[in-house]
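Novice: Take this structure first; my questions come after.
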Amino acid sequence: MPDLRQTRKKIKTALAVLLGVDVIAIGILVSPLVGSTESRRQQLGQLWSELQTKTRQVEPLKNLDKKVVVADKQITEFYKQRFPSEDSQIVTELGKIATENGVSIEGARYKVLETGIGHLAPVEMEAELSGNYVSLARFINALERDNTFFIINSIALAGEQKGPIKLQMKFETYLKAGA
């Protein structure tokens, strides 16, 4: 038969240890080091808010590796479709747009500049055009919407009371270098 005195002593020791742990836990709970329940709730709310903010900030970075691949394909397609490889393509496209919109090209000059970023050579252009106001407006709109990438820098109108309106336009585009 087991010794009850020894077992009773072990139980009393265990109860004393548990009572000590309870006293320490209550002391920590009410101590100024931990703070009040309200301050802990406020801190939890603040930390939750920070977590939500950080999560929203990193949201665009999800699947970044896939987005880079898609962007690379889009850039390649953009270069293929929007930048001509020969300067004759630029002049042909300009003539086509002018004809479609009832505008006549009085004169045009272009200058291919040194190749820059992205293996593109800037092409500065000047053109003297004539037509009625509506056809010139349509021409400008068509030029801006064309698949060939044109950037209009300046437009100067000159006209007489009778006859067509003269338009002097400076714009630029880009050539694929080394094509």
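Novice: Output the residue which, of all residues in segment 99-110 that are over 14 Å from residue 150 (Cα atoms) and not polar (S, T, N, Q), is surrounded by the most Cβ atoms within 10 Å (Cβ to Cβ).
Specialist: Here is the first cut: in segment 99-110, the ones over 14 Å from residue 150 (Cα atoms) are 99-109.
Of the ones still in play, those that are also not polar (S, T, N, Q) are 100, 102-103, 105-109.
Numbers: 100: 12, 102: 13, 103: 25, 105: 17, 106: 13, 107: 9, 108: 16, 109: 10.
Among those that are over 14 Å from residue 150 (Cα atoms) and not polar (S, T, N, Q), it is 103.
Novice: Looking at (1) surrounded by 15 or more Cβ atoms within 10 Å (Cβ to Cβ); (2) within 13 Å of residue 82 (Cβ to Cβ); (3) of a type in the set (S, T, N, Q), which one does residue 168 not meet, given that it meets all the others?
Specialist: (2)
Novice: Take segment 125-145 and flag every residue that is within 19 Å of residue 81 (Cβ to Cβ) and either over 35 Å from the mean Cα position of the chain (by Cα) or crowded, with 16+ Cβ neighbours inside 10 Å (or both).
Specialist: Within segment 125-145, 142, 143 meet the criteria.
Novice: Another question, then. So is residue 149 assigned to a loop (DSSP other than H, G, I, E, B) and in contact with a Phe, Trp or Tyr (Cβ under 7 Å, 6 or more places away or on another chain) or not? Spell out the reasoning first.
Specialist: Working: assigned to a loop (DSSP other than H, G, I, E, B): yes; in contact with a Phe, Trp or Tyr (Cβ under 7 Å, 6 or more places away or on another chain): yes.
The answer is yes for residue 149.
Novice: Might you check whether a residue that is closer than 30 Å to residue 173 by Cα and of a type outside the set (Phe, Trp, Tyr) occurs anywhere in segment 32-54?
Specialist: To start, the set of residues in segment 32-54 that are closer than 30 Å to residue 173 by Cα comprises none.
So far as segment 32-54 goes, no, none of its residues is closer than 30 Å to residue 173 by Cα and of a type outside the set (Phe, Trp, Tyr).
Novice: Something else about it: Please determine whether any residue of segment 77-95 is of a type in the set (A, V, I, L, M), touching a residue at least 24 places away in the same chain (Cβ under 8 Å) and in a helix (DSSP H, G or I). If you could, list the steps in order and put the result at the bottom.
Specialist: Here is the first cut: in segment 77-95, the ones of a type in the set (A, V, I, L, M) are 90-91, 94.
Now restrict to residues that are touching a residue at least 24 places away in the same chain (Cβ under 8 Å): 90, 94.
If we keep only those that are in a helix (DSSP H, G or I) as well, we get 90, 94.
Within segment 77-95, one or more residues are of a type in the set (A, V, I, L, M), touching a residue at least 24 places away in the same chain (Cβ under 8 Å) and in a helix (DSSP H, G or I).
Novice: Are any residues in segment 99-133 part of a strand (DSSP E or B), farther than 26 Å from residue 161 by Cβ and of a type in the set (A, V, I, L, M, F, W, C), and if so, which ones?
Specialist: If the condition is that a residue be part of a strand (DSSP E or B), farther than 26 Å from residue 161 by Cβ and of a type in the set (A, V, I, L, M, F, W, C), then 108, 112, 120, 121, 123, 125 are the ones that fit.
Novice: When only residues in segment 153-165 that are exposed (fewer than 13 other Cβ atoms within 10 Å of the Cβ) and modelled with pLDDT of 90 or more count, which is farthest from the chain's Cα centre (by Cα)?
Specialist: Going residue by residue through segment 153-165, those that are exposed (fewer than 13 other Cβ atoms within 10 Å of the Cβ) are 153-154, 156-158, 160-163.
Narrowing the set further to residues that are modelled with pLDDT of 90 or more leaves 153-154, 156.
Values: 153: 24, 154: 27, 156: 34 Å.
Ranking the qualifying residues of segment 153-165, first place goes to 156.
Novice: Now for a separate question. With respect to residue 60, determine if the residue is modelled with pLDDT under 90 and surrounded by 12 or more Cβ atoms within 10 Å (Cβ to Cβ). Lay out the reasoning, then the answer.
Specialist: Numbers: modelled with pLDDT under 90: yes; surrounded by 12 or more Cβ atoms within 10 Å (Cβ to Cβ): no.
In short, no.
Novice: Six or more apart or on different chains, Cβ atoms under 8 Å: show the pairs whose first residue is in segment 135-153 and under 14 Å from residue 171 (Cβ atoms) and whose second is acidic (Asp, Glu) and at pLDDT 90 or above.
Specialist: 142/100; 146/93; 148/93; 150/144; 150/172; 151/172; 152/144; 153/172
The values are calculated or read from the model by the stated rules, or taken from the named source; none is laboratory data. This structure is a prediction, so every number in the text was calculated from the model and none was measured. No Cβ is skipped: glycine too gets one built from the backbone with ideal geometry, and neighbour counts run over all protein chains shown.
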